[in-house]
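Peer 1: Attaching a single structure in structure tokens format; questions to follow.
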């Protein structure tokens, strides 16, 4: 989105560094986001159209979750590429995901694209939030947390692509990510910064650190791995590195004052969702990794970097 | 959008027959629309990127205008196709159009597409409205009106494509459509139905008639043509037919009770925008054309039909 930066000046855009725009209308915080996925870039051509639709809905709702918003509705904009069966299954998938997350489909636009063009699938999600934590609010002294487990979807992609063997639950996490809507809304009043983890835990943590003008020290040993992930890839340092740099987690990364830890634990218990303290915010700038109290070097690649 | 109809059931979607979704939030009517344009389908590959951006903004704001809404913001979703100069000029054009219509750009998403794929450019516009007239509210006894002049952009496209010679103002109306935002907001409280004319006056009038369950009788001789259009194509029946079936007008078509005619005239004077009574709504169903009091046959093609 860097190319848009020069022309996007409204404060509601939050300088384009956030997951979504936040607009105040009649005292309500409206949260708006638009994410697109492209055939062959963001999903495998062999992926089921229902799963592609689910992912499109989930990635947008994950942006709402990161801003503490509940969904008001979805507007789809997508290409028809001459395969009516694919399109029908995609639309059914949109409907299924919309129902699952109580995010009504409100309309949209379809366009035909010339022969040979990649499918481009876009979705706008709108939600409302009582609190809409920004990405740039982390402060020295905060603890850094993440919901759920990390790296499952990345391993699942490798399984789906036939590059890895492992439990079916991992492929399911790649195929059907679950936006953390309830957790986002419950956490929002208690956190200083929140975002979703979509491009890899390390790269997203480094973005939150940069946006906040602070240093994030992440304890590598604390990165939460699932049992399925450990079966497929183990839990040594290379496995953790793979988990922490893989994309498509759609978990929430947040920073909160230490005195909120008890409340965060209560929310985790209530929702039955793991919430793990993985590090802390310090004076300084950038991301640092430690393991067993010793600093370890950052990998050369922190996660998925967008071309734009 | 027919394929979405089975899964879009929320009343805010207005059954997908309307130009936009209307969502009530904290007593405010939010109007949401998403329109896409595709290279080689909705614009000429030779069109200037600034003009393509303008058109993308204008077609979405025209949907807001049709629902009586003023813009709150825009969210862009577009493809990068490996031509940085094109992309820069497109983004500058987005900024220019956004400033012109006081519709702040709030963010969005960019995606890279594989080599050889057509550019797909999407935009979501959100606005708020005090009144949001639907497309389906026209009632027998209403008069049918249209803003501005009809057919200019269609002639302008032919000029831009080198198929016609004529005044430069026509090409300008194709290149830089002006969404009727002020007119839409001023008219909204006084009309029973309103929509924008994007696919051709006749096809859009037939859609309003069908949605309203009424018959529209349009007086062919009353269709407002510009001086430029008459210079290029004359004003005989074939010329009027060409005007009334050409797309990209982005004028407003509305139906209002006869007792509102005086108020409509005052609004037209205040805004300096032509508003022409072109027909009336009767019991029955469908579109009929008359000229000098005599019924004339409908052309076989009423305007631009979407593939979807």
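The values are calculated or read from the model by the stated rules, or taken from the named source; none is laboratory data. Because the structure is a prediction, the values reported are computed rather than measured. We place every Cβ from the backbone using ideal geometry, glycine too, and count neighbours over all the protein chains shown.
Peer 1: Just one of the numbered conditions (1) assigned to a helix (DSSP H, G or I); (2) assigned by TED's automatic domain parsing to the domain that holds residue A:52 is not true of residue A:158; which one?
Peer 2: Looking at each condition in turn, residue A:158 falls short on (2).
Peer 1: Quick one: residue B:117 ticks every box in (1) surrounded by fewer than 22 Cβ atoms within 10 Å (Cβ to Cβ); (2) more than 30 Å from residue B:189 (Cβ to Cβ); (3) out of contact with any helix residue (DSSP H, G or I) (no Cβ under 8 Å at 6 or more places or on another chain) bar one, so which box is it?
Peer 2: Checking residue B:117 against (1) surrounded by fewer than 22 Cβ atoms within 10 Å (Cβ to Cβ); (2) more than 30 Å from residue B:189 (Cβ to Cβ); (3) out of contact with any helix residue (DSSP H, G or I) (no Cβ under 8 Å at 6 or more places or on another chain), the one that fails is (1).
Peer 1: Right, something else. Among residues belonging to region B:26-47 that are in contact with a helix residue (DSSP H, G or I) (Cβ under 7 Å, 6 or more places away or on another chain) and more than 8 Å from every other protein chain (Cβ to nearest Cβ), point out the one that is nearest to residue A:125 (Cα to Cα).
Peer 2: B:31
Peer 1: Which is buried (at least 24 other Cβ atoms within 10 Å of the Cβ) and touching a residue at least 24 places away in the same chain (Cβ under 8 Å), of B:164, B:181, B:187, B:143?
Peer 2: Answer to the check: B:187.
Peer 1: Moving on. Going by the structure shown, is residue B:265 surrounded by 13 or more Cβ atoms within 10 Å (Cβ to Cβ) and either under 22 Å from the mean Cα position of the chain (by Cα) or over 15 Å from residue B:150 (Cβ atoms) (or both)?
Peer 2: Criteria not met by residue B:265.
Peer 1: If you take the residues in region B:84-122 that are in a strand (DSSP E or B) and under 12 Å from residue A:4 (Cβ atoms), which one is modelled with the lowest pLDDT?
Peer 2: It comes out as B:108.
Peer 1: Hey, another quick one. Restricting the search to region B:223-238, which residues are modelled with pLDDT of 95 or more, part of a helix (DSSP H, G or I) and in contact with a helix residue (DSSP H, G or I) (Cβ under 8 Å, 6 or more places away or on another chain)?
Peer 2: Correct list: B:228, B:229, B:230, B:232, B:233.
Peer 1: Would you confirm, using the coordinates I've provided, whether residue B:134 is in a loop (DSSP other than H, G, I, E, B) and not assigned by TED's automatic domain parsing to the domain that holds residue B:21?
Peer 2: Criteria met by residue B:134.
Peer 1: Across region A:99-128, which residue is nearest to the chain's Cα centre (by Cα) among those that are facing chain B (nearest Cβ under 7 Å) and farther than 20 Å from residue B:111 by Cβ?
Peer 2: Applying the filter and picking the extreme gives A:126.
Peer 1: On the given criteria, is residue B:204 at positive phi and either crowded, with 21+ Cβ neighbours inside 10 Å or modelled with pLDDT under 95 (or both)?
Peer 2: The answer is no for residue B:204.
Peer 1: List pairs: first in region B:79-98 and under 22 Å from residue A:121 (Cα atoms), second in a helix (DSSP H, G or I) and modelled with pLDDT of 90 or more, Cβ under 6 Å, 6+ apart or cross-chain?
Peer 2: From residues that are under 22 Å from residue A:121 (Cα atoms), the pairs are B:80/B:87; B:86/B:49; B:90/B:49; B:90/B:53; B:94/B:53.
Peer 1: Quick check on my filter: what residues within region A:7-19 are closer than 21 Å to residue A:208 by Cα, in contact with a helix residue (DSSP H, G or I) (Cβ under 7 Å, 6 or more places away or on another chain) and within 7 Å of chain B (Cβ to nearest Cβ)?
Peer 2: Hits for region A:7-19 are A:8, A:16.
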